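Here is the structure we will look at, set down as structure tokens.
The values are calculated or read from the model by the stated rules, or taken from the named source; none is laboratory data. Because the structure is a prediction, the values reported are computed rather than measured. Please note: Cβ atoms are built from the backbone with ideal geometry, for glycine as well, and neighbour counts cover all protein chains shown.
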Amino acid sequence: MIAASLYFLQEKLLFLPTVLEQNYQYEFNHSYEELFLKPEDDVSINAIHFKKENPKGVILYFHGNAGDLSRWGYIAEFFVDKNYDVLIMDYRTYGKSQGKLSEQAFYNDAQYCYEYLLKQYSENDIVLYGRSLGTGIANYLASKYQPRQLILETPYYSILDVARQRFPIFPVKSLLKYEFPSNEFITKVECPITIFHGTNDTVVPYSSAEKLNTVAPEDKTTFITIKGGGHNNLVDFETYRDKIDEVLQ
């Protein structure tokens with residue numbers, strides 16, 4: 001019964017969206033454009049595009065598995081403060097976004113956002129940033145395109161790897177509908193990669209990020225260990241803030 005629950009309820013375990021009314025008004029500290037993108041019929045992807053006057057580039061930010069843009073947009077403003085434009089989207093079923101969820105849908109919508117940015121920016125000005133769940137999506141895009149760089153915060157080797165650690169007695173490989181195989185994507189990435197992970201992360205084990213680092217291109221990858229860092233608080237650590245400033249110069 002537990003195995004059956006893992007199979008049929010895995011979306012409820014993996015994805016924790018909150019829903020916003022379509023007329024909800026965002027309140028951020030920087031100017032922004034609200035977008036409703038249409039990658040497919042019957043799909044609407046709500047996104048926020050923060051814009052600076054003379055930006056250093058643009059960050060395409062893929063957020064974690066919980067919440068919506070009312071929270072994540074505020075978090076993304078950390079990078080707007082560093083003089084970057086930022087485009088951040090809500091996944092299907094999150095916030096105001098609508099459409100049927102699937103692993104391929106995550107990838108399709110991410111590609112649509114990337115292509116949207118290519119109409120406005122040089123590819124060399126695009127930075128891909130993934131956090132937690134979003135690291136698999138950012139890895140996928142980086143394996144398909146040639147962005148300036150890829151930044152991964154609290155990444156996993158794969159969802160399968162995390163599930164095996166969480167549920168070691170179950171045949172999770174045969175149960176999972178979502179795999180997000182970052183370990184496969186990252187081997188094809190040609191841009192510089194920076195990985196941040198905390199040693200006290202209880203959501204995505206530090207060991208999963210270490211494992212991902214072993215298959216990443218050695219000459220392109222920098223692995224930053226945040227001693228004592230958890231899953232949601234790396235920004236509180238000087239090591240993270242200093243390195244992000246260096247990476248985004």
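Computed values, structure above
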quantity	calculated
Members of segment 116-141 that are in contact with an Asp or Glu (Cβ under 8 Å, 6 or more places away or on another chain) and either buried (at least 24 other Cβ atoms within 10 Å of the Cβ) or outside any loop (DSSP other than H, G, I, E, B) (or both)	Y129, G130, R131, T135
Residues satisfying the stated conditions in segment 174-192, i.e. touching a helix residue (DSSP H, G or I) at 6+ places or on another chain (Cβ under 7 Å) and not in a loop (DSSP other than H, G, I, E, B)	L175, S182, N183, F185, I186, T187, K188
Residues (surrounded by 12 or more Cβ atoms within 10 Å (Cβ to Cβ), modelled with pLDDT under 80 and of a type in the set (F, W, Y)) located in segment 1-34	Y7
Qualifying residue in segment 109-123 (condition: among the hydrophobic types (A, V, I, L, M, F, W, C) and either over 14 Å from the mean Cα position of the chain (by Cα) or farther than 15 Å from H63 by Cβ (or both))	yes
Hits in segment 180-191 - residues which are buried (at least 17 other Cβ atoms within 10 Å of the Cβ) and either in contact with a Cys (Cβ under 6 Å, 6 or more places away or on another chain) or within 23 Å of N124 (Cβ to Cβ) (or both)	F185, I186, V189, C191
Some residue of segment 35-49 being at pLDDT 95 or above, among the small types (G, A, S) and farther than 23 Å from L150 by Cβ	yes
Residues of segment 221-240 classified as under 20 Å from G134 (Cβ atoms) and out of contact with any Gly (no Cβ under 9 Å at 6 or more places or on another chain), total	5
Filtered residue count, segment 194-249, keeping only those that are among the basic types (K, R) and over 21 Å from V127 (Cβ atoms)	2
Segment 216-235, residues that are within 19 Å of the chain's Cα centre (by Cα) and outside any strand (DSSP E or B)	A216, G229, G230, H231, N232, N233, L234, V235
Residue in segment 84-96 that is without any contact (Cβ under 8 Å) to a residue 24 or more places away in the chain, surrounded by fewer than 24 Cβ atoms within 10 Å (Cβ to Cβ) and of a type outside the set (D, E) present	no
